[in-house]
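Down below is the structure, laid out as structure tokens.
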Amino acid sequence: MGVLKDKFKEKAQIAQEEIKELLKEHGTKVIGEVTLAQAYQGMRGITGLVTETSLLDSQEGIRFRGYSIPELYEKLPKAKGGSEPLPEGLFYLMLIGEIPTEEDVTHLTEVIQRRSHVPLHVFKAIDSLPLTAHPMTMFVVGIMALQTDSNFAKAYAAGVNKKDYWDTTFDDAYLLIARLPHIAAYVYRRKYKDSVHITPNGLMDWAENFAHMLGIDDPDFKELMRMYMTIHADHEGGNVSAHTTHLVGSALSDPYLAYAAGMNGLAGPLHGLANQEVIKWIYEMQENLGTDLPAREQIAQYVHDTLTAGKVVPGYGHAVLRKTDPRFTAQMEFGKKHMPEDKLCRTVWNVYEVVPPILQSVGKIKNPWPNVDAHSGALLVHYGLVEYEFYTVLFAVSRALGVLSSLIWDRALAMPLERPKSVTTESVKQWLDGKGHVWGD
Ligand code: HAX
């Protein structure tokens with residue numbers, strides 16, 4: 001761990017100085033204004049956060065430290081014989097801000113493997129839940145049980161200097177990332193495979209070992225896991241999972257508490273749970289229409305029925321994006337390469353042709369295009385991972401890379417307690433009547 005930590009420390013010291021200067025010179029510059037509508041409507045479009053790891057462009061999609069998804073494919077190291085980027089490399093990039101060499105990534109993989117042992121009480125905590133519990137509930141309970149190992153919490157209790165908060169945050173983040181695949185695989189095998197668990201293989205890379213522990217050793221599935229773990233890792237700072245992790249972390253809650261909180265947000269159907277909702281929606285459509293390859297006209301009718309029933313079309317729309325999500329495109333390309341005749345994938349591609357014009361015609365929907373969740377389930381089903389309630393757990397394991405590298409940066413940059421101002425409707429009415437107000441002039 002030492003090499004990466006030293007490199008991070010060096011980068012963080014430079015960034016601390018730069019930001020200090022930047023704020024000294026430009027700290028009073030205005031970067032936006034806030035309307036009353038924004039305060040009531042989910043704060044869309046308000047710029048009020050700094051997240052170093054990635055930046056989302058509404059037209060182009062996500063860039064990780066300046067690199068788009070196609071650029072990551074070109075530049076990040078791959079497994080031997082593989083063509084998908086290794087997620088460890090993305091973690092390095094988000095943390096350090098530079099594309100790692102193959103040697104850097106191999107080192108990172110080895111360090112992660114050495115730290116992947118999960119204490120027994122974590123499994124016992126998961127086992128105490130009924131089998132009917134949602135996999136995300138089991139997963140988050142596992143993370144909370146692991147919190148007993150927090151180095152940050154111990155260091156804080158011992159009175160560590162605030163300048164060193166980042167150090168144990170770094171250690172906790174690393175340990176969490178190393179252990180999450182085992183916890184997630186344990187949840188999967190407990191719930192769906194009669195608790196027949198698979199021992200981790202210390203010679204595999206992070207995503208490969210995860211696939212192995214899930215029980216799917218097909219080399220193409222391992223490639224899918226490398227891709228999946230890479231593209232789901234981060235989506236700048238305002239989305240619910242990233243923002244929650246940052247917010248809870250800002251109270252100096254340790255990385256386990258902060259990440260668990262973020263993953264509770266990911267478990268919402270408007271966020272990460274949408275990946276299970278998409279596949280559920282397609283299965284219901286197939287059942288309703290009595291075919292596993294519905295025609296475009298049938299899909300169109302089903303979409304209209306969904307909207308008429310007052311429900312959302314899962315996997316479509318986004319709070320920031322206004323074009324097809326490049327993470328959807330990456331998955332579609334994977335599908336076209338590995339399973340061009342797969343009926344479920346073909347249905348996803350037909351849905352992609354049918355849904356956008358219908359959503360556009362509704363008028364109020366700002367983004368009619370697919371997001372990351374519209375495709376992932378169909379690829380997973382192809383390799384036998386059919387238990388769709390588990391899909392958000394996969395997302396959560398990947399998301400750890402982004403939100404935890406951000407949390408390390410939060411600590412290194414001494415980001416303070418987050419505490420925006422709120423108002424009441426009564427105070428708004430008084431302000432509008434010119435009778436005084438509770439916020440600035
Ligand atoms: N189907 C039907 N209606 C939709 C819609 C969709 N896919 N997307 C947006 N709308 C509706 C909204 O519900 C809203 O309706 P009301 O005014 O009646 O409340 C209206 O269109 C305007 O919404 P918007 O401004 O376009 O979108 P928001 O920023 O409010 O919400 C969401 C963004 C992602 C939550 C939204 O598009 C949605 O619910 N999509 C379906 C669920 C989904 O796929 N979520 C995953 C998003 C990506 C992600 O975080 N992955 O983890």
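The values are calculated or read from the model by the stated rules, or taken from the named source; none is laboratory data. If you're wondering where the values come from, they're calculated on a predicted model, not measured in any experiment. Glycine gets a Cβ as well: all are built from the backbone with ideal geometry, and neighbour counts include every protein chain shown. Note: areas computed on protein heavy atoms with side chains; ligands, DNA, RNA excluded. Shrake-Rupley method; radii C 1.70, N 1.55, O 1.52, S 1.80 Å.
Points worth noting:
- Enumeration of residues in the range 346-388 that are among the hydrophobic types (A, V, I, L, M, F, W, C), near the ligand (Cβ under 10 Å from one of its atoms) and under 30 Å from A133 (Cα atoms): V372, A374
- Residue count for the range 125-136, restricted to those that are touching a residue at least 60 places away in the same chain (Cβ under 8 Å) and either closer than 25 Å to S241 by Cβ or of a type in the set (K, R) (or both): 4.
- Odd one out for V303, checked against (1) more than 16 Å from the ligand (Cβ to nearest atom); (2) farther than 27 Å from V50 by Cα; (3) open to solvent by less than 10 Å² (accessible area, probe 1.4 Å): (1)
- Condition met for E277 (at pLDDT 95 or above, in a loop (DSSP other than H, G, I, E, B) and either open to solvent by less than 10 Å² (accessible area, probe 1.4 Å) or within 12 Å of the ligand (Cβ to nearest atom) (or both)): no
- Any hit, the range 219-239, residues being within 16 Å of the ligand (Cβ to nearest atom), open to solvent by 40 Å² or more (accessible area, probe 1.4 Å) and closer than 25 Å to L270 by Cβ: yes
- Residue-level check: of (1) modelled with pLDDT of 95 or more; (2) surrounded by fewer than 13 Cβ atoms within 10 Å (Cβ to Cβ); (3) more than 27 Å from A319 (Cβ to Cβ); (4) of a type in the set (A, V, I, L, M), V3 misses just (1).
- Some residue of the range 27-49 being touching a strand residue (DSSP E or B) at 6+ places or on another chain (Cβ under 9 Å), open to solvent by 50 Å² or more (accessible area, probe 1.4 Å) and hydrophobic (A, V, I, L, M, F, W, C): no
- Residues located in the range 367-420, provided they are open to solvent by less than 10 Å² (accessible area, probe 1.4 Å) and in contact with a Cys (Cβ under 9 Å, 6 or more places away or on another chain): H375, A378, L379
- Residue match in the range 322-345 (condition: assigned to a loop (DSSP other than H, G, I, E, B), hydrophobic (A, V, I, L, M, F, W, C), under 28 Å from R44 (Cβ atoms) and within 11 Å of the ligand (Cβ to nearest atom)): no
- On inspection, A258 fails the criterion of being within 13 Å of the ligand (Cβ to nearest atom), among the hydrophobic types (A, V, I, L, M, F, W, C) and in contact (Cβ under 8 Å) with a residue 12 or more places away in the chain.
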